Structures are given as C-alpha cells and as structure tokens.
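Trainee: Have a look at this one before I ask anything.
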Amino acid sequence: QAKANGRGIFCHYNADMQSAADHRIRLEKDLAHGIQSGQLRLLYQPLIDASNQSLTGFEALVRWHHPTRGLVPPNDFIPLAEETGLIVPLGEWVMEEACRAAATWPEHISVAINMSARQLVLPSLPATVNSAISRHRIQPDRLELEVTESVFLEDSAGALDVLKRLRALGVGIALDDFGTGYSSLGYLNKAVFHKLKIDGSFVREAAENKETVAIIQSIVQLARNFRMTITAEGVETADDFMRMKDLGCHQIQGYLFGKPMSYDRASELVQGAPMRMSA
Ligand code: C2E
Ligand code: MG
Ligand code: MG
Ligand code: MG
C-alpha cells in the first residue's frame, strides 16, 4: 500500500519534472539561437544628477524579443542564461552594444551594464572589457559595471581579484541592489566600488517606514565617507525624489525621470529633448 502510494507520487512528480525540464531545454535552445540571430535588444534608462536634474548617463537593460513568446523580461531569462553559461556570450553582446551606443554620445554621458557573478569569475573579463572600450574609443570611466553582492558568494577571492583588475582599467564598478539580499556593510570597504545603488524596493519602502529612512541615512553616510557615488533606484514619485535627494543621494534613477527606452529615444534625450517629470 505504502509502496504503491509512493510510486504514484513519484510518477506524478517525475512527469512534472520531465515537462519542466523539456521547457527549460527548449528555452535554452531558443536563447542560444536568439543571442546569435539578433533577438536581443538593449533599452536605456536615464540616470539623473540629483542636484540639477541633468542627464548623466544610462543603465543598459537587456530585452529578448522571442519570435513566438513575444517580449521576455530579463528576470525570466537571465537566471537561465546564468545556469547554462549562455550569460557569457549574452554579456559580451551587451558590452559590445552598450559601448557602440556610448561611442555615439558625448563624453559626459556614461553607460552602465549589469554583470552576473558567473562573468566576474572569468579571469579574461578585464581583457574583454579593455578590448571593447579600446575598439570603440570610449574613455574607461564612461563605462560602469553593475554587480550585486552575490558575486562574493562563491569564489569571493577570485571575484575580488577580477573587480580590482577592472578598477585598474579605470572603469567604474557599482554595487547594485543594495538593501536587498545580504547587504553586508563589509563589502563597502573593499575599495573596488565607486558607486552604491540603493535598491528600488528600499527607496519606495522609505515612503512609509521611518526606520527604513534611518537605515538609508546611515548607509548614505558610510558610503559618502568612502567617497562613493550614491544612486537611488526605483524613484517613482516627486516625494521619493525629494526624500532621496535630502538624504544625500547624488544620483536618481526611476520611472519619475524615465523608463528604460530605445537607443533612438535615449539619443534624443542626450540631444537635449526636455526631461519631463511624469508625476
Ligand atoms: P537592475 O539592474 O536592478 O535594474 C533595475 C530594474 O528596475 C530594471 O528592471 C528597471 O526597468 C526597473 N526599474 C527602473 N526604475 C523603476 C521604477 O521606478 N519602478 C520600478 N518598479 N522598477 C523600475 P528590468 O529591466 O526588468 O531588469 C531586471 C534585472 O535584470 C536588472 O535589475 C538586472 O539585475 C537584470 N538585467 C537586466 N539587463 C541585464 C544584462 O544585460 N545582464 C545581466 N547580467 N543582468 C541584466
Ligand atoms: Mg543594475
Ligand atoms: Mg538595481
Ligand atoms: Mg535588480
């Protein structure tokens, strides 16, 4: 009886696992093909100087236009790309595309790209980055690499070494999504990060929670002592903007100043199309 039951459960579970595995294999094949056949696009979200609301640069955010599934958001394929190793060719495409865009914009406009932990452990990464910025003739400090604390979870010594070599090239390194996950203050003191990005969930929570405001205040103080630039992500309302500016954030990113947009629209902004506060 128990045995039959167990087998029944096992078979059912197994069938689900099988279809999940099939789905994954198919998506993986599609993604590999999609990277090669030009189905990826980069969108660019404005980064704003909090003091005068001028445009300082963009964060590049990848999108996948799947021929039958339509637009697939990064949270639905970046994890798969990380698990399968496809993040390496994907990341190289992103870097190439972002540098190509940056080369068409003025010197004071920076471009940030997101890097996965898996890319950070490639000892060849600094050479790849150096080759991209040289080929496109962009100043190293115009390129920023955004990483999250998860880079320190596995091979932390290896990741730290690669980060230091990237820093030595003169590119910027931002600690992304601060306030989620582990958020160990210890990482701030590693002399590799030039920028701290406070996660949007944290920024929005500050609207309702005084303790969150107090925590942000201490983080900003600490980061300022380390001479880091502080960016508030996910700023959606004029209140969010004023709050984060008053707390000492240097830079603002969020729907209030612009959603991720096409290269063409971003270029118009660079050319001085008016920046509208949408709230
Ligand atoms: P992230 O690097 O923290 O990027 C910020 C995310 O917040 C983006 O989501 C952006 O569209 C969204 N966002 C910006 N402003 C607001 C706002 O005011 N309100 C709200 N609710 N959301 C806002 P997106 O584009 O879906 O990207 C999600 C994540 O996917 C990124 O988070 C990043 O971790 C990852 N990602 C995106 N592009 C790449 C890439 O090229 N390579 C890698 N490795 N990861 C990427
Ligand atoms: Mg980011
Ligand atoms: Mg972020
Ligand atoms: Mg994020």
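The values are calculated or read from the model by the stated rules, or taken from the named source; none is laboratory data. Predicted model, so just to flag it, every value in this text is computed and none were measured. Methodologically, a virtual Cβ is constructed for each residue, glycine included, from the backbone with ideal geometry; neighbour enumeration extends over all protein chains shown. What goes into the accessible areas is simple: the full protein's heavy atoms, side chains included, and nothing from ligands, DNA or RNA. Shrake-Rupley method; radii C 1.70, N 1.55, O 1.52, S 1.80 Å.
Trainee: Quick one: which of 47-59, 15-27 comes out on top by average Cβ neighbours within 10 Å, and what's the full order, highest first?
Mentor: Working: 47-59: 18.8, 15-27: 10.9.
The densest-packed peptide leads the list: 47-59, 15-27.
Trainee: Right, next: Tally the DSSP beta bridges in the chain and give the antiparallel ones as a percent, rounded to 5.
Mentor: Working: 15 of 36 bridges.
Of all bridge pairs located within the chain, approximately 40 percent are antiparallel.
Trainee: Have a look at the range 36-110 and give its Rg and Dmax from the Cα atoms, expressed in angstrom.
Mentor: Using the Cα atoms of the range 36-110, the pair Rg, Dmax is 14.5, 44 Å.
Trainee: To continue, here is another question. Please list, by residue number, every one of the trypsin sites (Lys or Arg not before Pro) in the range 89-175 that is coil in DSSP and has at most 15 other beta-carbon atoms within 10 Å. Let's see the in-between values first.
Mentor: On the way: sites: R100, R118, R135, R137, R142, K164, R165, R167; in loops: R137.
Sites meeting the loop and neighbour criteria: R137.
Trainee: Mind listing which GluC sites (Glu not before Pro) in the range 104-171 are in a DSSP loop and have 10 or fewer other Cβ atoms within 10 Å? It would help to have the intermediate numbers written out before the result.
Mentor: On the way: sites: E107, E144, E146, E149, E154; in loops: E107, E154.
Here the sparse-neighbourhood loop sites are E107.
Trainee: Then there's this: Solvent-accessible area per residue for the chain at a 1.4 Å probe radius, Å²?
Mentor: Details: 14270 Å² over 279 residues.
For the chain, the per-residue accessible area is 51 Å².
Trainee: Multiply the residue separation of N209 and A168 by 0.36 nm, subtract the distance between their alpha-carbon atoms, and state the gained length in nm to one decimal. Before the final figure, lay out the partial values.
Mentor: Numbers: separation 41, 0.36 × 41 = 14.76 nm, distance 3.95 nm.
Gain on stretching N209 to A168: 10.8 nm.
Trainee: Continuing with the same structure: Using a Gaussian network model on the chain with a 10 Å cutoff between Cα atoms, which of G85, G200, G254 fluctuates the most?
Mentor: Fluctuation is largest for G85.
Trainee: Solvent-accessible area of S134, probe 1.4 Å, all protein chains present, reported in Å² to the nearest ten, please.
Mentor: Only protein atoms counted, so the area is about 70 Å².
Trainee: Can you compute the helix-only [θ] at 222 nm over the chain? Use -39500 (n - 2.57) per DSSP H run of at least 4 residues, normalise by all residues, nearest 500 deg cm²/dmol. Kindly include the intermediate steps, with their values, before the conclusion.
Mentor: Values: 10 runs with 131 residues, N = 279.
Result for the chain, helices only: -15000 deg cm²/dmol.
Trainee: Considering the convex hull of the alpha carbon atoms of the range 140-205, report its projected area averaged over all viewing directions, in nm², one decimal.
Mentor: Working: hull surface 17.8 nm².
Over every viewing direction, the Cα hull of the range 140-205 projects on average to 4.4 nm².
Trainee: How big is the Rg/Rh ratio for the range 4-129, C-alpha atoms only, Rh by Kirkwood, two decimals? Numbers along the way, then the final one.
Mentor: Details: Rg = 19.3 Å, Rh = 17.0 Å.
When Rh is taken as the Kirkwood radius, the ratio is 1.14.
Trainee: Compute the distance from the alpha-carbon center of the range 68-111 to that of the range 140-172, in whole Å.
Mentor: Using only Cα atoms to place each centre, the spacing works out to 17 Å.
Trainee: If you don't mind, another one. List the residues whose amide H sits under 5 Å from the amide H of L196, counting only those 5 or more places along or on another chain, with H placed 1.01 Å from N in the peptide plane.
Mentor: So L196 has HN proximity to L175, T229, I230, T231.
Trainee: What Kirkwood radius, in Å to one decimal, follows from the Cα pairs of the range 151-277? Intermediate results must be reported in sequence, preceding the final value.
Mentor: Details: mean 1/r = 0.0631 Å⁻¹.
In the range 151-277 this quantity evaluates to 15.9 Å.
Trainee: Give me the extension gain from N14 to L71: residue separation times 0.36 nm, minus the current Cα-Cα distance, reported in nm with one decimal.
Mentor: 17.5 nm
Trainee: Over the chain, one equal point on each Cα, no solvent: what is log10 I(q)/I(0) by the Debye formula at q = 0.06 Å⁻¹?
Mentor: The calculated log intensity ratios at q = 0.06 Å⁻¹ are -0.22.
Trainee: Still on this structure, I have one more. Roll a 1.4 angstrom probe over the protein heavy atoms and tell me the percent of accessible area of the chain that is carbon or sulfur.
Mentor: That fraction is 50 percent.
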